[in-house]
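Some notes on the structure that comes next.
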Amino acid sequence: MKLEVSKINITFGNKKILNNISFECSTGDIIGVFGRNGSGKSSLLKTIFGTIKADDILIKIDHKNILKEKIISDKLIAYLPQNTFLPKEKKVRDIIPLFFNKSKDQEKIFYDTKITSFEKQKIGTLSIGELRYLEILLIGSLNHPFLLLDEPFSMVEPNYIKIISDLLLKLKQEKGIIITDHYYNDVLKITNLNFILKDGEKFPIQNKYDLMKYNYLSKNKIQS
Amino acid sequence: MNYIAFWKYYVDVNFLNFVFSLVLFLSTSLFWAIINFSTFGVLIGYWGFHLFKENEYYMYYNLGFTKRKLLSNVFLFNWIFILPVLLILLIIK
């Protein structure tokens, strides 16, 4: 499947956040979106998902125009926000049936080796890595053909960054994924296409030296 | 519709609604408490959810629920549950 988003224009007050941004994401793609804080990365994802309004946006899936109001109700795109969306007072094992009615679908999550190790814990007691993994596994196991992830690696412990990366590489076989995060080394390891948002414009990125070119990184701060 | 997920939202929104309606019951009458529970109280509960659990909306969005769909279903189910009680109350009166 192919997601085409075009003519994205977002203005906050007098400030133009995104200026005529367009791109495509197909099944099998993991697209990395970089940019400094306030460059419009999260706004871009939320606009595509439909939770914030854009001045203009055109969304097509498989060349068919999609009303932005239909993205959520037709379950076309799943979205991972920066902050957790799971109820903190619930146990992991009680969350899974909220997402999946069928026991066959629930078992896929219950029997995941990582989930088994913390299924009896409450959401509020999970480490950030466990929580992000659970969230991505839950929304990634839904039938939505596209996945938008806002900072999935942020504050996550290194072993879970690897686990989440492996999960995303598995999920991309059936989905198109768009990811934004400041952990550029981890993002660049799994993406096949990247761009940076700067001054409302979009510029292609091949490697971390391009990130330096657009002043996202300073020369002495490049991670090995 | 995913009824298990919706039921969680229903309970969360109606918790504050119930407390507010209970206060109304104690200070006015059962009739006004019931009317409140099915109308204005839902908006109080909606406001409370917005205030304390705003980010949980993303769970519902991912499950295909819009805010409008969630709220209209809360109203619908409250009226379904409350209407027989209200009718009995009116008949008794």
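The values are calculated or read from the model by the stated rules, or taken from the named source; none is laboratory data. As the structure is a prediction and not an experimental result, all values here were calculated from the model. A quick note on method: Cβ atoms are made from the backbone with ideal geometry, for glycine too, and the neighbour counts reach across all protein chains shown. For accessibility, only protein heavy atoms count, side chains too; no ligands or nucleic acids. Shrake-Rupley method; radii C 1.70, N 1.55, O 1.52, S 1.80 Å.
Results for (1) aliphatic (A, V, I, L, M); (2) open to solvent by 40 Å² or more (accessible area, probe 1.4 Å); (3) over 15 Å from residue B:58 (Cα atoms), shown as yes or no for each residue.
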site	(1), (2), (3)
A:65	no, yes, yes
A:80	yes, no, no
A:89	no, yes, yes
A:95	yes, no, no
A:119	no, no, yes
A:134	yes, no, no
A:138	yes, no, no
Mind checking which pairs have a first residue in the range A:62-79 that is charged (D, E, K, R) and a second that is open to solvent by 80 Å² or more (accessible area, probe 1.4 Å), Cβ under 7 Å, 6 or more apart or different chains?
A:62/A:1; A:75/A:143
Run residue B:49 past the list (1) surrounded by fewer than 19 Cβ atoms within 10 Å (Cβ to Cβ); (2) within 14 Å of another protein chain (Cβ to nearest Cβ) and report the number of the one that doesn't hold.
(1)
Which one of these is of a type outside the set (Asp, Glu), surrounded by 19 or more Cβ atoms within 10 Å (Cβ to Cβ) and under 16 Å from the mean Cα position of the chain (by Cα): A:21, A:71?
A:71
Just checking, which of B:76, B:90 is free of Cβ contacts under 8 Å to residues at least 40 places away in the same chain, more than 13 Å from every other protein chain (Cβ to nearest Cβ) and more than 19 Å from the chain's Cα centre (by Cα)?
B:90
One residue is enough: does the range A:159-171 have a residue meeting the conditions closer than 19 Å to residue A:28 by Cα, part of a strand (DSSP E or B), touching a Leu at 6+ places or on another chain (Cβ under 7 Å) and open to solvent by less than 30 Å² (accessible area, probe 1.4 Å)?
no
Criterion: in contact with a helix residue (DSSP H, G or I) (Cβ under 9 Å, 6 or more places away or on another chain), outside any helix (DSSP H, G or I) and touching a residue at least 24 places away in the same chain (Cβ under 8 Å) - qualifying residue of B:64, B:41
B:64
Quick test of your reading of the structure: residue A:147 fulfils all but one of (1) open to solvent by 40 Å² or more (accessible area, probe 1.4 Å); (2) within 12 Å of chain B (Cβ to nearest Cβ); (3) not in a loop (DSSP other than H, G, I, E, B). Name the failing condition by number.
(1)
Reported set for the range B:66-93 where residues are closer than 27 Å to residue A:52 by Cα and among the polar types (S, T, N, Q) is B:66, B:72, B:73
Wholly within the range A:48-110, helices (runs of 4 or more DSSP H) carrying at least 2 residues that are touching a Phe, Trp or Tyr at 6+ places or on another chain (Cβ under 9 Å) and more than 9 Å from every other protein chain (Cβ to nearest Cβ)
A:92-99, A:103-110
Looking at the range A:29-47, which of the residues that are of a type in the set (Val, Ile, Thr) and away from chain B (no Cβ under 14 Å) is nearest to residue A:184 (Cα to Cα)?
A:33
